[in-house]
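The values are calculated or read from the model by the stated rules, or taken from the named source; none is laboratory data. The shown structure was predicted, so the numbers you read here are calculated from the model rather than taken from an experiment. Neighbour counts are summed over all protein chains in view; Cβ atoms, including those assigned to glycine, are modelled from backbone coordinates with ideal geometry. Side chains included, ligands, DNA and RNA excluded: accessible areas come from the protein's heavy atoms. Shrake-Rupley method; radii C 1.70, N 1.55, O 1.52, S 1.80 Å.
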Amino acid sequence: DDTYVLWQPLLELLRRYDSRAAHYFGRPLHEAGYPLFVGGGAGIVLSRAAARQIIALKDAEVCDPLSLKWAERVHSGGDAWLGDCAESAGVHTDMEFGFYPQPPVSNLFHLFADAVAFHGVENHAAMHSALRANGTAAAFDPRCV
């Protein structure tokens, strides 16, 4: 896959949420006339409670991907479908940032201090090395672990 997850920041982010409550977040996207949804490229966080609410509608027409008007939408992937179904299930998109649609240019890592994940990373080993090299030996970036 081409998503690079920074595990420690992700775990810190998740600790702020009640895992028993319905949560759905990642990189928020919006298309006029449709519910806010999370772009799948940089990752989607879905709590167990949210998943259960959405699964409860698995047989409902409102969550049937074949019944949606995909020809009319700009975003027609599974992430948009999940957003529509989540909204129908009463699971709203939480606003969280740090899920980036592309990796940073090597000398701009400092601009992504809130990063949780990057999409479009073709070489995970190179990304890991770039993150490590970004700091000095004394200032190792713990997000690389």
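The residues of the stretch 70-83 include none that are over 15 Å from the mean Cα position of the chain (by Cα), open to solvent by less than 50 Å² (accessible area, probe 1.4 Å) and of a type in the set (A, V, I, L, M, F, W, C). Taking the stated definitions as given, is residue 122 within 19 Å of residue 12 (Cβ to Cβ), part of a loop (DSSP other than H, G, I, E, B) and either in contact with a helix residue (DSSP H, G or I) (Cβ under 9 Å, 6 or more places away or on another chain) or not basic (Lys, Arg) (or both)? So residue 122 fails the test.
Search the stretch 6-27 for residues being aliphatic (A, V, I, L, M) and part of a loop (DSSP other than H, G, I, E, B), and hand back the single one that is nearest to residue 85 (Cα to Cα).
First, the residues of the stretch 6-27 that are aliphatic (A, V, I, L, M): 6, 10-11, 13-14, 21-22.
With the extra rule that they be part of a loop (DSSP other than H, G, I, E, B), the set shrinks to 6, 21-22.
Details: 6: 28, 21: 17, 22: 13 Å.
Among those residues, the one meeting the criterion is 22.
Per the conditions (1) touching a Gly at 6+ places or on another chain (Cβ under 8 Å); (2) at pLDDT below 90; (3) under 30 Å from residue 122 (Cβ atoms), the sole criterion not satisfied by residue 27 is (2). Say whether the condition of being exposed (fewer than 13 other Cβ atoms within 10 Å of the Cβ), at pLDDT 85 or above and of a type in the set (Gly, Ala, Ser) is met by at least one residue in the stretch 92-111. No, the stretch 92-111 contains no residue that is exposed (fewer than 13 other Cβ atoms within 10 Å of the Cβ), at pLDDT 85 or above and of a type in the set (Gly, Ala, Ser). Scanning the stretch 28-37 for residues that are free of Cβ contacts under 8 Å to residues at least 60 places away in the same chain and in a strand (DSSP E or B), which turns out surrounded by the fewest Cβ atoms within 10 Å (Cβ to Cβ)? Once the filter is applied, the top-ranked residue is 29. Only a single criterion out of (1) aliphatic (A, V, I, L, M); (2) open to solvent by 20 Å² or more (accessible area, probe 1.4 Å); (3) under 19 Å from residue 17 (Cβ atoms) is not satisfied by residue 86, namely (2). With respect to the stated conditions, residue 1 fails to be assigned to a helix (DSSP H, G or I) and either at pLDDT below 90 or surrounded by fewer than 19 Cβ atoms within 10 Å (Cβ to Cβ) (or both).
Taking residue 78 as the residue in question, decide whether it is in contact with a Gly (Cβ under 7 Å, 6 or more places away or on another chain), small (Gly, Ala, Ser) and modelled with pLDDT of 90 or more. If you could, list the steps in order and put the result at the bottom.
Working: in contact with a Gly (Cβ under 7 Å, 6 or more places away or on another chain): yes; small (Gly, Ala, Ser): yes; modelled with pLDDT of 90 or more: no.
Taking the combined requirement at face value, the residue does not satisfy it.
When 67, 47 are checked against the criterion of being among the hydroxyl-bearing types (Ser, Thr, Tyr), free of Cβ contacts under 8 Å to residues at least 40 places away in the same chain and exposed (fewer than 12 other Cβ atoms within 10 Å of the Cβ), 67 stands alone in meeting it.
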